[in-house]
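Only one structure is covered here, and it is reproduced in the block below.
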Amino acid sequence: MTRRAAVVGLGLIGGSIGLALRRSGWRVSGVDNDASVAAMALRLGVVDRLVVDPEAEITFIATPVGAVVAAARDALATGPGVVTDVGGVKAGVVAAVDDPRFIGGHPMAGSELEGVEGADGDLFAGAAWVLTPTATTDPDAYARVHAVVASLGADVIAVEPARHDAIVAVVSHVPHLTAAALMGVAASHAEHQGPLLRLAAGGFRDMTRIAAGHPGIWPDVCADNADAITAVLGQLVSELERIRDVVASGSRAELLGTLERARAARLALPARGAPRATEVVEVRVPVTNRPRELASVTTLAGELGVNIEALETADATEAERGLIVMVVDARAAQRLRDALVAEGYRPVIQAVG
């Protein structure tokens, strides 16, 4: 039987999800508030039909952040399938939806292209895709969302919603605002120095590339994640002031130390699209009170940087107990097991198959 999915919001991310799913054999329905965008999505083969499908196994909410809660509630009321979203802020959305079948999500992928015309079925290959299970998340719903997202080529990472928002403030939200600020400085100089922007070299272009992204999503993001963003902006301002003082003082040694530390940290960033593990094992974790334990176990793996290649839940042999089975890189399995033991779990590592 052909699997069915739905996408609400057919822009760059929603359109890319539709293309990726259809390429994998899914029948994809979709809707968008803009009738012209919806019509374009149908012409481009992003979706099979323009309708809300009550029989969709999974629904992706790819609207602006401010519209996610209402769209997610509508999708949950439409049918029995699981629902996830792709918004850049999670804590407020997850708390507001508050349904065991809703799993907050955020693919850390994008493009300089805009709208459904820029949709790319390969957009998520090798990209991190955050899922944010909570104590009330249904384990089977989480396992289904995890499996579908992983099938799109993404590396799935489980993180608590509030933790997600604090992290993306550093790695996504503040960088975008910083790029916008730098472009503002450059543009103000360019009014009086015509050649300035024409002479912009690679470093400037690399730092400000993300400022070319669509501005429409950012007011909602900044409003919903204001506390984390303003805190990180405060840290950035303090660091820039420190560097300004170092430059003004002429301290070559201190400046060199700052640049060397920055270089080392940058080189330590993991490469996107790194090859997946060639040898994997199962980490089997007996649990009680499965909804709460699922969030604890998967977010612990996320904090350790252990990618879960596949995940399933099952009944254990003991009464009123469950089992979480994670397929992970064999090289990371012992590290994950040790961390789980330290938290009071009794995991077992087994060969796959």
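The table below lists the values:
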| read-out | value |
| --- | --- |
| Residue match in region 80-93 (condition: farther than 28 Å from PRO219 by Cα and surrounded by fewer than 19 Cβ atoms within 10 Å (Cβ to Cβ)) | yes |
| Some residue of region 31-50 being closer than 20 Å to ALA147 by Cβ, among the charged types (D, E, K, R), modelled with pLDDT of 95 or more and surrounded by 16 or more Cβ atoms within 10 Å (Cβ to Cβ) | no |
| Only listed residue being within 18 Å of the chain's Cα centre (by Cα) and assigned by TED's automatic domain parsing to the domain that holds ARG144, chosen from GLY15, GLY30, GLY25, GLY79 | GLY15 |
| Filter pass, ALA35 being of a type outside the set (S, T, N, Q), within 23 Å of the chain's Cα centre (by Cα) and at negative phi | no |
| Residue that is surrounded by the fewest Cβ atoms within 10 Å (Cβ to Cβ), among those in region 220-242 that are under 24 Å from VAL69 (Cα atoms) and among the polar types (S, T, N, Q) | THR230 |
| Neighbours by Cβ (under 7 Å, 6+ apart or cross-chain): first from region 166-183, farther than 18 Å from GLY110 by Cα and in contact (Cβ under 8 Å) with a residue 24 or more places away in the chain; second among the polar types (S, T, N, Q) and crowded, with 17+ Cβ neighbours inside 10 Å | LEU182/THR208; MET183/THR208 |
| Subset tally (residues that are touching a residue at least 12 places away in the same chain (Cβ under 8 Å), under 16 Å from MET183 (Cβ atoms) and not in a helix (DSSP H, G or I)) for region 199-236 | 3 |
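The values are calculated or read from the model by the stated rules, or taken from the named source; none is laboratory data. This is a predicted model, so every value here is computed, not measured. Every residue, glycine as well, gets a Cβ built from its backbone with ideal geometry; the counts of neighbours run over all protein chains shown.
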